[in-house]
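The values are calculated or read from the model by the stated rules, or taken from the named source; none is laboratory data. Remember, predicted model here, so these are calculated numbers, not experimental data. All Cβ positions, glycine included, derive from the backbone under ideal geometry; neighbour counts span all protein chains shown. In case anyone asks, the SASA skips ligands and DNA or RNA and just uses the protein heavy atoms, side chains included. Shrake-Rupley method; radii C 1.70, N 1.55, O 1.52, S 1.80 Å.
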Amino acid sequence: MGGPIIFSIFATLIFGLGIVRADPSFQCSLDIIAYQAGISPLNPQLWALKMLDSSTKLPPDGILQGAARFQLGNYDECLAVRGPLSNDGVPRFKGKFCRAQLGFKQASNKTIDPKGQLILNQMQLAQERISKNINLRTGVNYVETNQLQNFSDNFLAQWAVCAPSTCNADGVKRVADFNLGQFFSQFNLDVDMTVIESSCYYEDDGSKDLDTGAWLFLITFMIFNIVLIFATICDYAWPKDKDMHVVVRAFSLRTNFRELFKLPAKSVPPGQLPCLHGLRVLSTFWVILLHVYPVDFFNPHMNLNLAINKYIHMWTMAPVLHGSLSVDTFFVLSGLLTVYVPLVDQKKGRKFNVFKYMIYRFIRITVPLAMVIFCLTTVLKRLSHGPLWDLAIELETKRCEGYWWATLVYIQNFYKPGASMCLGQGWYLQVDMQLALVMSPFVIIAMLKRPKIGLTLLGLLSFFSVALAFYYTFAFNLHMTNALTPNPLTTGNFGTLIYTNPAVRAAPYLAGMILAYLLANNVTIKMNKIWVVVEWLLNTALCLAIVYMIVIPYNVDYEYEHVGAAFFAGLHRFAWGVGISFIIWACTNGYGGIVNSILSWKHFLPLSKLSFCAYLVHIDMIVFHIGQNRANTYFSTFEVVFEYLGTLVMIIPLTLWLYVAVDAPCQTIIRTAFGKPAKFAQEHNKKHDKEEVAAPVEKEQEISSSGLQEKENQEDIVEVKSD
């Protein structure tokens with residue numbers, strides 16, 4: 001009888017052990033024990049030493065400069081780790097990289113070492129600084145109040161840990177606590193790490209596998225490329241005595257590239273505003289600089305404190321800190337073109353159809369936007385990986401997966417602001433579309449039928465926009481403009497009340513509409529050279545004052561002044577719109593001088609056509625680079641300029657593809673569907689490419705009065721986002 005009992009007990013143990021061994025946590029425990037033994041001096045193992053070597057260990061140099069915030073270890077060394085071999089000759093696990101939020105507590109019955117106290121103080125200061133600044137950074141200033149703490153918690157010091165791939169978050173925490181506990185125990189500190197599961201990655205963990213959506217995007221991408229190739233071949237083979245089919249013309253690379261790089265004639269046809277090209281391109285460069293400049297908290301800097309405490313207080317940083325004015329320039333251009341084109345068309349006997357205007361504008365903007373969002377929600381997060389991939393890429397793609405529809409119907413700045421902010425720069429298109437579809441039709445109709453009533457309406461709307469910004473700033477103690485160091489007395493969200501509020505951002509848009517009336521009706525003033533110089537000096541002083549007054553809230557001795565902040569907040573956007581409007585008016589009426597020569601440079605035309613697509617893709621290229629950073633970077637002006645120029649080059653392929661495959665074909669097809677004049681002449685009938693460069697004046701008259709493309713196509717001035 002004893003034999004069967006012993007056998008039963010033995011069988012039960014074996015069966016139970018088999019179940020336990022199938023439990024990943026048990027396997028993780030075995031692998032952790034093997035790792036701890038492998039770094040022992042008695043029997044060191046190379047794979048274990050690589051795991052320790054690729055993890056963050058000693059307190060880093062430069063802790064007083066903020067280098068402790070991100071310590072990324074050696075990402076690739078961790079992923080290359082292969083654990084001890086199992087019985088079948090296969091490694092038991094792979095190296096799994098994770099970031100863990102650094103936490104300490106005082107060891108029981110011990111006094112904290114002075115160095116340990118220094119570490120605690122620096123962590124506390126970093127958290128206070130981040131909590132103070134985080135609600136006004138790009139893509140974060142719309143976060144609801146109850147989300148701020150959770151978001152800022154993610155920006156405590158995060159250090160790297162390399163653990164066995166068989167471990168879940170609890171197992172990774174054990175490894176992290178073990179690694180760092182050996183070093184911080186000398187400061188009488190107990191380590192208490194919190195693993196950030198979304199940051200964990202090991203090779204072939206399945207996170208990069210293509211799902212149905214990803215395959216659908218790749219198939220769509222291939223179809224577009226096949227159509228481009230087929231249409232281009234057909235373009236070359238098309239009979240010269242027959243009109244080219246609209247689809248062939250729309251997707252032909254030959255035709256699209258010719259149109260893109262075709263330069264205008266030396267003489268400017270009446271009604272054109274060539275200076276808009278330069279304004280648009282230079283403002284686009286300004287926007288990209290604003291987003292490249294690594295003052296945000298995603299970039300891991302080894303001198304973070306220097307970047308925060310020194311650079312933002314330098315007056316030379318004003319154009320970057322107040323870079324959101326570049327968006328107000330685009331609002332001026334949008335308001336200008338929205339009214340100017342219908343007024344010019346009316347003088348030529350063309351009627352304004354409000355329904356065609358609204359549908360055309362919606363389709364024209366939404367199709368390229370939808371393609372970018374399609375990529376974001378399906379493929380982008382699977383293209384690569386890195387230590388900060390979850391912060392840089394997956395944070396945005398998750399928002400797009402849940403709220404892509406809110407972006408495409410242009411309500412993301414009202415519907416769950418922050419949580420629904422797919423495509424961070426998309427807030428600008430939301431505001432612009434809302435102004436174009438809700439407010440603009442009433443203004444256009446009034447201007448066409450009763451100009452005096454239209455001008456009165458513009459004046460009332462401008463006053464309302466200025467007054468609303470004044471009220472919100474005064475009532476909620478908001479800063480005078482977007483700032484990295486918000487007023488501690490603030491009781492409202494700057495993002496939702498000011499930054500993405502179409503009623504507030506309408507001020508420069510309305511200034512552009514007023515300018516449209518003046519230009520369309522040839523309202524001008526004869527001025528002698530002295531008055532021209534005086535007007536330019538006054539306008540330049542106005543614009544520079546608006547840009548550089550941003551240094552006021554960054555002054556170390558600055559004290560919040562209620563009324564002054566409210567007046568600046570209410571007036572500066574409209575004043576900027578007036579300043580930009582004067583530049584356009586002066587250049588158009590012969591008072592531009594060298595400024596007009598620069599802004600009207602004909603080589604700005606191709607870049608102007610590409611600026612909308614560049615706007616759609618540039619931020620994702622920037623964060624793609626951040627997500628793959630393997631180590632802390634050094635913040636300096638040279639490094640920023642170097643990265644900025646690199647970004648301009650790297651977005652060229654994406655911008656060109658989006659333009660020739662989506663944007664340009666969309667313009668051609670919807671123009672044909674709406675019965676507008678053909679965008680392209682029959683370029684394939686010309687025998688020599690040189691003839692295409694020197695287009696005749698009558699051909700130039702088909703170019704939009706905006707200086708972009710077609711005369712009727714006011715939507716082609718689609719603007720670029722800023723912060």
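Remark on the stretch 342-496: hydrodynamic radius 18.7 angstrom, per the Kirkwood mean of 1/r across alpha carbon pairs.
In this structure, the residue pairs whose Cα-Cα separation is over 25 Å, taken from Lys94/Lys173; Lys348/Lys449; Lys96/Lys208; Lys57/Lys173; Lys356/Lys398, are Lys356/Lys398.
Here the Karplus curve 6.51 cos²θ - 1.76 cosθ + 1.60, taken at θ = phi - 60°, turns the phi angles of the stretch 493-502 into couplings of 8, 4, x, 7, 7, 10, 5, 10, 8, x Hz, with x standing for Gly and Pro.
The mean of 1/r over all pairs of different alpha-carbon atoms in the stretch 305-364, once inverted, gives a Kirkwood hydrodynamic radius of 15.1 Å. Rounded, prolate or oblate: which fits the stretch 157-298 when a ≥ b ≥ c are the square roots of the eigenvalues of the alpha-carbon gyration tensor, with rounded for a/c under 1.5 and prolate only if a/b beats b/c? Because a/c hits 1.5 or more and a/b fails to exceed b/c, the stretch 157-298 counts as oblate. Between rounded, prolate and oblate, where does the stretch 395-448 land on the alpha carbon gyration tensor, with a ≥ b ≥ c its root eigenvalues, rounded for a/c under 1.5, else prolate if a/b exceeds b/c? Prolate is the answer for the stretch 395-448, as a/c is 1.5 or above and a/b outweighs b/c. Mean silhouette area of the stretch 604-672, derived from the convex hull of its C-alpha atoms and averaged over all directions, reads 5.7 nm². Once both labels are positioned 7 Å from their Cα atoms along Cα-to-Cβ, the gap between Lys347 and Gln36 label points is 8.4 nm. Taking the Cα atoms of the stretch 507-563, the ratio Rg/Rh between the radius of gyration and the Kirkwood radius comes to 1.16.
The distance from the alpha carbon centre of the stretch 321-351 to that of the stretch 541-610 is 16 Å, rounded to a whole number.
Evaluating 6.51 cos²θ - 1.76 cosθ + 1.60 at θ = phi - 60° for every residue in the stretch 430-446, the Karplus couplings come out as 4, 5, 5, 5, 5, 5, 6, 9, 9, 9, 4, x, 5, 5, 4, 4, 5 Hz, glycine and proline recorded as x. Here the accessible area of the stretch 157-257 is 62 percent carbon and sulfur, with a 1.4 angstrom probe and all protein chains present. Over all Cα atoms in the stretch 536-591, the spread is summed up by Rg and Dmax: 14.0, 45 Å.
Given all pairs of different Cα atoms, what value in angstroms does the Kirkwood hydrodynamic radius of the stretch 435-523 take?
Its Kirkwood hydrodynamic radius stands at 14.4 Å.
The Cα trace of the stretch 350-404 gives Rg and Dmax of 16.8, 58 Å, the first to one decimal, the second as a whole number. Built from the Cα atoms of the stretch 260-379, the convex hull projects on average onto 12.3 nm², one quarter of its surface area. With semi-axes defined as the square roots of five times the eigenvalues of the C-alpha gyration tensor, the equivalent ellipsoid of the stretch 486-642 measures 33, 25, 18 Å, largest first. The orientation-averaged projected area of the convex hull spanned by the Cα atoms of the stretch 42-105 comes to 6.3 nm². A viscosity of 1.306 mPa s and a temperature of 10 °C, combined with the Kirkwood radius over Cα pairs in Stokes-Einstein, give a translational diffusion coefficient for the stretch 335-426 of 103 µm²/s. Global dimensions of the stretch 552-637 from alpha-carbon coordinates: Rg and Dmax equal 20.2, 54 Å.
Ranked by solvent-accessible area (1.4 Å probe, protein heavy atoms only, all chains present), the residues Glu394, Glu197 order from largest to smallest as Glu197, Glu394. The apolar share of the surface of the stretch 298-394, taken as the fraction of accessible area on carbon and sulfur atoms (1.4 Å probe, ligands and nucleic acids excluded), comes to 65 percent.
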